[in-house]
Structures are given as C-alpha cells and as structure tokens.
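Reading through the structure tokens given below for one structure.
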Amino acid sequence: MPLSAPRGARRRKLRRRADMPLLGGARPPIAALLALLLLVAGATALVLGDHDRTAVDKAVLSSQQRVAEDGALALRASLDESVTDLQRAAALFAGPEAVPADTVLDKLGKVYNKWRGLAVIDPAGGSLLAARGETIPLADALTGKADKSGKSGAGDGAPAPRLVKLPSGDTRMLVTAALRGGDKPRLLVASGTLNVPGISTGENRSLLVVDSAGTVLAKDGPSIARTAWAKRAAKTAATAFTKTPEPGGHPGASGNLMGGTDKHRTAVGYAAAGRAPGETSPAGGLGLSVVTSVKVTEDAKAVRTQAFGLVAAAVLLLLAVLVTRVLVRTVQRPLIGLYLESRRLGRGELDRPVRAFRGREPARIGAALESLRGQLLGGRPTRTGRARGGIGTRTTVIVCGVVLLAWAAPLLLLLNRAGSGVTVPKQLVEDQRRRTDTAADRVRKALNEGWADVASVAQIVGAGGGKEEADAGSATKAVLQTTLREHPRYRSVYVLDADGKVLTRAGAAPRHPGGRKPYADSVAQLNTSGKEPAVAAYAAVPGGKGRTVVGEYDPQFLISMVTRPGLGQVWLVDDKHRVIAADRQHGFRAFSKLPGSHLDDLVTKARKDTNGTALLHRADGGSSLAAAASFTGGGAVRDLNWQVVSEQPASWLELPEYTAQRHTMLAGLLGVTAAVACLGWLHIIVVRPLRKLADQAEALAGGDRKTVLFPQHHDEAGAVVRNLELIRQQLRTAERPPAGRN
C-alpha cells in the first residue's frame, strides 16, 4: 500500500499533463530560441575560420574575371556595331532605283574607316561589281547559313556574319547586307579585323581572343599568352561559352582560374562574348571569348580568426543554456503550474491551498486563485492586492534579450573591424585603372560610332539634293525617322540650316542653342547646367550649303555606357569636372561636382597620363580604390576632353580582412535576429496575455462575477482563462438566491 499511493499520484499527474495544450504557449518560442542560438553558435565557429592566401587570390581572380567581362562586352559591342552599321548603311541606299555600286562604296569610305575591305557582289552569278580595300574572299562571302529573321546577321536571306581565315593567317569577320533597289538583288560585303579589346596590357598582363574551339584568333601582351597554361584557359573559356549566363549578370558565361606554383602564380579570367537568352547580338553567335591573364607577384598575409570564432561560439552556447534555463524556470514552469492549480480548482478539488509562485505575475495569479479557493469553500470575496515581490516576466524577457544582445552587438558593430590599414594588393589598384580606361574607351568609341551614323545620314541627305524641294524634304524626313527608330542611342535627329534653324526633325524637341550656327563635324556638349545634359553629334551635309545633320544622344545611353558591375561608382565628367552621367545603381545630379577633392586631383593628374591613373585613397571612413581615364584616340570627340572616373570602397573587395569583418557582422546579425524574433514572439504570445490574466484573476477574486472570461489562444494562458471562467460560473451559481425567495 505505501508504494501504491505515490504510483497513483504519478498517474494522476500524467493525466493532468496530458490534458494540457501541446501547441502554442511558452514552449515553442523558448525551444526555437535555443535551437536558433545553437545554429548561430555553429555558424559562428564555421564562418570565422582562418583566411589564408587563397582568400587574397580570390579577390584578384574576381578582378580578372571582371576585366575579361569588360573585354568581352567591348569586343561584342564593337563587332555588333560593325554589323549594324553596314546593315543600316545598306538600308539608307534603298530606293526604287539602284544606286551604282561604286557610289555606294565611295560614300561608305568617306564615313567609315573600320573595314579593311568593301565589295558589292551579284549573288546570282557570284560576280564582283565593285571593291575597295583588301581583297574579300568571294567564296566565303557567298556561303554560310542564310538568316531570314534578321536577329543575328544580314536579314533578307543574306549570309550571317562569320569568321574566315586568310592565307596570311589573319582572321577577318565578314559582314553581309542586302542592297535593295532596282530589279537585281545585290550584296554589300565588308571585312573587318578581329582586334583585341581596348584594354591596356603592360608587362604582366596578356589578352587573348579565342574561338569556340579554343584557337587563339588575336593576342596582346607578353609571351605568357602562348604558354600551356594559357591554352588550358582558352579551352576552359571555349567550353564555358555554351553555359547559360546568370540572370542580370554578364551576357555570357564567365569565370576565373588560378595556376602556377607558390612563387609564380598566374590569375586568369575569361568571359564569353555571348548573348543572354532573348537578346539579339550578331557577334554573340560567333563563339568568341576573351581570356586575360596576369602574374600575381604579391604574397598575402593570412588572417587568423578561428580562435576568435571558437571562443565566440562557446560564449554563445553558455548564454543559450543560461537564457533557456531562466525562461523555463521563470516563465514556462510557473505558467504550467498555474494551469494545473486552476484546473484543480475548476474541478472542485479544494482540499489543499494553492502553492506559492515566483515572479510577479505568477504570484499575483496564484494569490487570486487561493482567494477563489476560499470563496468556493464559502468565504467572502477579498482584495488580493498586487504581489510586489519578485521580478515581472516582462523584465525577465528584457534582461534575457539584453544578455543576448550583449554578445551579438559587439560582433555586429565593434569586433574584427578591418580598419583603414588593410593591405590592398597593387594588382587590384591596377585593375581598377585598367577597367576605368576600358570604360572610357568604350564611351569614346560609342560616341564616335554615333557620329559616323549621323555622317552616313548626312551623305544620304546630300544625295537627294537634286530632287524637288517637297520630295527632298519628305525623303529627308523618312531617313531621319528610320535613323531614330534603328538607333536607340538618340533622343532626336534633325537637320539645321547654316544659321542653326531646324528644317526638319524626328523625335524629341531639338536642344541646339537658338541662333547659334551648327558646330563643325564633331560631338559637342550643348549645355553646362540644367536638369539633363545635352550632347549631340554634328555632321555637315556634302554640298548642302551649310546644312548639318544632328543626332542628340539620349542621356540613358550615356548612363548605360558607364554602368559596369564590380567597378563601384562610375562618373562621366566634362573638362570642368562636372558630372555628365553616372552608373544606374548610384544615380547622379547633372553637372554636380565629384564627391571628394581627391577625385578632382585624380582627374587633373589623369589628363597628363594617356593611360589613366589610379590611387588607393585612405580616409577615416576606410580605404577606397579610385581611378580616372581620359578619352584618347581622337575622332569626333577630340574636343570634348571628357573623362571617366570610378571609385570603389575597399570594403567591397573580397580581401580576407573584409571577409572576416563581414562574417563577424553576419554572426552578430544572426544573433540579434534570433533573439529579437524569439523573445518578441514570447512577449506577444505569453508575457502580454499573462499580465492581462493577472488583472482578470484579481478582478474575479475581488467579486467581479459579471465579466465573462474567454481565452484568446489555445495555450497555457488560454487554459487558465478557461478554468477561471469555470470558477466564475461556480461562484455565481453559489451566490444566486434559491428559487422562490424574494
């Protein structure tokens, strides 16, 4: 018998616990907090490992990949421009009557000098009608897959652009376009040189252009480009060409490699000059890739953070156990005890007093339950008074949050800071200069190509001078509309007379200064203030008595020219250091100054250096890589004196010091998130209902029999509310006068 009583008590206790709600309440947020803190501790120990030299190599490799992407983009843009220029030029000669072949080639030769050879061919018999420049292989020009869609090449059934090998070993790109006009079809064919992208090489850098088979088609730089390592990189680039590019990234596959020995390392970046899905690019189907390689001459210092990570993880483990134990003892267990006591009273088990509870709210509810027990036994309602002893549950949760934040906040804000003394490899500074120089060359070529398009329109406008005035005006209007439709770089195209008056236009309103004569053949900046910069290409009409064709560039076109990922903030500035355009990510205010005197000094210095210049700027807020490059090479932009300026915070680089800092901040952020989420959850689900429950229990113990108590949630607090409602109903029934009494 002595053993049966305890065993029966245990069975009753198990039955009572089995009736408790299993979901909701204090247990899920406390368990989730413990689980998340354990995960954060494990992640802290893992991510805060030692960073050796390979981490620095990764930063250099990423930079080489960006350089290769810039080169591939420049190569593709140059080849695409050659294709579209020939097609648009051929379209401008369309008409009811065929323009003589020699006239077509003479006019093109006056405007474009990019092609090594030009020819007009009769596709039916394969005969040569006219030719200029180097000899074009007619057999190759007339063979190849015809493209009737116009998406990748000639259109109108002409062969698509392709690469051919000359007997001399040089590679040429053949572009074919249909000459419409007259009864007999003709083909306009041009051959262009496949050049290495305009990236300065130097004594340590090499550049290769390879085809889909890994064959080197063009090269620049030292002999490293012809080593076995370069061949491996070329094959890797050729293999990666068919891979699908990442959305929003480089329009083609790209990557990097690191090779060589510990003392003689070579960083290689490669990028395909391909096209993204749904994108139209004639050159994107040629299978070309750009490979860049550079010797890594610096030995990086290792960053040791593994011991720090292990200590931080161990401290978090101790805090996780401590906080969980405190919450279980002060929140979860008292709440379960209140449920059991209120359930006992609701069932009429009044033989023993309600046990005392720790904590302010549990003590208040426990005192109210004891008062209710007395009332169920026949006593009178009494004021229990607020229990002042102990710490409130809200205070307990706040203290636990402060303890966890005391671990996370230093990691997020103070510890493992890289500072301004981080050693940045010289190669990264040099790559910033090279990429800025490439961006400047890209903008210069795009503006010059735009002027060449306007000049070709001027040739067509001049050819119609002998027509009737009405017919000539109508034809000019049609040419301007076609040019604007096929050239997204322009916001408007129009014709000025010798006094600067607009004769005809297509597109937006002209912004040529009123009353000013047209500029000479060049690209000119039309304003130095206002909301939007105005830049236009001017080309005189041959024999047009002062008439000039003007193509105004769309500001969005200039913005797209200087937008490159991984280069930081990029600005296009004029000769007075005023901002003309900036990358899309950061935006700009037209004609504003550069943000920093060090950038102005850099721009001034870059004007004296044709290859551009770069520096590692150190300030209180951290270091940054800055570079500036002027327009070089002349052309229609020779009088602009514009420059491209870029600046990138060193903290954006994948250096081990900054990687350790970011990982430390990540660990702190995860700790803050876990603490705020779980403790906030606990406060909403448990603490606030518990404080309200204490008020309701005291009001019921004080004699309030009219207020109906109903639970808000199916959890421990809700179960206590349900039991209080049962007690209220019992008390109200006991206090109701017997039937028949007045």
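The values are calculated or read from the model by the stated rules, or taken from the named source; none is laboratory data. All values reported here derive from a predicted model rather than from experimental measurement. Every residue, glycine among them, receives a Cβ derived from its backbone with ideal geometry; neighbour counts consider all protein chains shown. Side chains included, ligands, DNA and RNA excluded: accessible areas come from the protein's heavy atoms. Shrake-Rupley method; radii C 1.70, N 1.55, O 1.52, S 1.80 Å.
From the list V645, V676, exactly one residue is among the β-branched types (V, I, T) and buried (at least 16 other Cβ atoms within 10 Å of the Cβ). Which is it?
After applying the criteria, what remains is V645.
Could you count how many residues in the range 102-127 are modelled with pLDDT of 80 or more and surrounded by fewer than 16 Cβ atoms within 10 Å (Cβ to Cβ)?
Total satisfying the criteria: 5.
Taking the range 526-544, which residues are surrounded by fewer than 16 Cβ atoms within 10 Å (Cβ to Cβ) and β-branched (V, I, T)?
Once the filter is applied, which keeps residues that are surrounded by fewer than 16 Cβ atoms within 10 Å (Cβ to Cβ) and β-branched (V, I, T), the range 526-544 yields only T528.
Out of K608, K576, report the one residue that is assigned to a loop (DSSP other than H, G, I, E, B), over 28 Å from the mean Cα position of the chain (by Cα) and under 27 Å from N527 (Cβ atoms).
Only one candidate passes the filter, namely K576.
Kindly indicate which of L484, L567 is out of contact with any Leu (no Cβ under 6 Å at 6 or more places or on another chain), part of a helix (DSSP H, G or I) and open to solvent by less than 60 Å² (accessible area, probe 1.4 Å). It would help to see each step written out before you state the result.
Details: L567 fails: part of a helix (DSSP H, G or I).
Testing whether each residue is out of contact with any Leu (no Cβ under 6 Å at 6 or more places or on another chain), part of a helix (DSSP H, G or I) and open to solvent by less than 60 Å² (accessible area, probe 1.4 Å) leaves just L484.
Of all the residues that make up the range 579-605, how many are of a type in the set (D, E, K, R) and not in a helix (DSSP H, G or I)?
Number satisfying all stated conditions: 4.
Conditions tested, residue by residue: (1) touching a strand residue (DSSP E or B) at 6+ places or on another chain (Cβ under 9 Å); (2) modelled with pLDDT under 80.
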site	(1), (2)
D262	no, yes
G274	yes, yes
P277	no, yes
S281	no, yes
S293	yes, no
D299	no, yes
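Farther than 30 Å from R434 by Cβ, assigned to a loop (DSSP other than H, G, I, E, B) and free of Cβ contacts under 8 Å to residues at least 24 places away in the same chain: is that true of K706 in this structure?
Taking the combined requirement at face value, the residue satisfies it.
From the list D211, D220, which one is more than 18 Å from L105 (Cα to Cα), at pLDDT 75 or above, touching a Leu at 6+ places or on another chain (Cβ under 7 Å) and open to solvent by 50 Å² or more (accessible area, probe 1.4 Å)?
Numbers: D211 fails: open to solvent by 50 Å² or more (accessible area, probe 1.4 Å).
After ruling out the rest, the residue left standing is D220.
Picking from V323, V311, V328, V296, which residue would you name as being within 30 Å of R76 (Cβ to Cβ) and either open to solvent by 10 Å² or more (accessible area, probe 1.4 Å) or not basic (K, R) (or both)?
When all the criteria are applied, what remains is V296.
Within the range 547-564, how many residues are small (G, A, S) and either touching a strand residue (DSSP E or B) at 6+ places or on another chain (Cβ under 8 Å) or in a loop (DSSP other than H, G, I, E, B) (or both)?
Qualifying residue count for the region: 1.
Please indicate, with yes or no, whether at least one residue in the range 588-606 is in contact (Cβ under 8 Å) with a residue 60 or more places away in the chain and either aliphatic (A, V, I, L, M) or farther than 14 Å from T436 by Cα (or both). Can you show your working first?
The first filter runs over the range 588-606 and keeps only residues in contact (Cβ under 8 Å) with a residue 60 or more places away in the chain, leaving 590-591.
With either aliphatic (A, V, I, L, M) or farther than 14 Å from T436 by Cα (or both) added as a condition, the list becomes 590-591.
Yes, the conditions are met somewhere in the range 588-606.
Would a scan of the range 467-478 turn up a residue that is touching a residue at least 60 places away in the same chain (Cβ under 8 Å), surrounded by 14 or more Cβ atoms within 10 Å (Cβ to Cβ), out of contact with any Phe, Trp or Tyr (no Cβ under 9 Å at 6 or more places or on another chain) and not in a loop (DSSP other than H, G, I, E, B)?
No, that holds for no residue.
Give the residues of the range 570-596 that are of a type outside the set (D, E, K, R), farther than 19 Å from S630 by Cβ and surrounded by fewer than 17 Cβ atoms within 10 Å (Cβ to Cβ), sorted by residue number.
Across the range 570-596, the qualifying residues are Q585, H586, G587, S592, P595.
Being β-branched (V, I, T) and in contact with a strand residue (DSSP E or B) (Cβ under 9 Å, 6 or more places away or on another chain) is the filter here, so list the residues in the range 402-451 that pass it.
Answer for the range 402-451, where residues must be β-branched (V, I, T) and in contact with a strand residue (DSSP E or B) (Cβ under 9 Å, 6 or more places away or on another chain): V422, V424, V429, T436, T438, V443.
Does the range 350-364 include one or more residues that are assigned to a helix (DSSP H, G or I) and not charged (D, E, K, R)?
Yes.
Please verify whether the range 391-398 includes one or more residues that are modelled with pLDDT under 85, out of contact with any Ser or Thr (no Cβ under 7 Å at 6 or more places or on another chain) and at positive phi.
Within the range 391-398, not a single residue is modelled with pLDDT under 85, out of contact with any Ser or Thr (no Cβ under 7 Å at 6 or more places or on another chain) and at positive phi.
When you scan the range 339-359, do you find a residue that is more than 30 Å from E69 (Cα to Cα), buried (at least 21 other Cβ atoms within 10 Å of the Cβ) and under 54 Å from the mean Cα position of the chain (by Cα), even just one?
Yes, there is a match, as at least one residue in the range 339-359 is more than 30 Å from E69 (Cα to Cα), buried (at least 21 other Cβ atoms within 10 Å of the Cβ) and under 54 Å from the mean Cα position of the chain (by Cα).
For L142, are the conditions met, namely being of a type in the set (A, V, I, L, M, F, W, C) and either surrounded by 22 or more Cβ atoms within 10 Å (Cβ to Cβ) or modelled with pLDDT of 80 or more (or both)?
no
How many residues are charged (D, E, K, R) and in a helix (DSSP H, G or I) if we restrict to the range 634-677?
Final tally of qualifying residues: 2.
Sort through E468, E486 and tell me the only one that's within 23 Å of L92 (Cβ to Cβ), within 33 Å of the chain's Cα centre (by Cα) and modelled with pLDDT under 85.
Result: E486 is the single residue among E468, E486 that is within 23 Å of L92 (Cβ to Cβ), within 33 Å of the chain's Cα centre (by Cα) and modelled with pLDDT under 85.
Taking the range 488-525, which residues are assigned to a loop (DSSP other than H, G, I, E, B), open to solvent by less than 60 Å² (accessible area, probe 1.4 Å) and within 15 Å of F557 (Cβ to Cβ)?
Those that are assigned to a loop (DSSP other than H, G, I, E, B), open to solvent by less than 60 Å² (accessible area, probe 1.4 Å) and within 15 Å of F557 (Cβ to Cβ): R489, A508.
Pick out the one residue from A498, A524 that is of a type in the set (G, A, S) and closer than 22 Å to K477 by Cα. Reasoning before the result, please.
Working: A524 fails: closer than 22 Å to K477 by Cα.
Going through A498, A524 in turn, just one is of a type in the set (G, A, S) and closer than 22 Å to K477 by Cα: A498.
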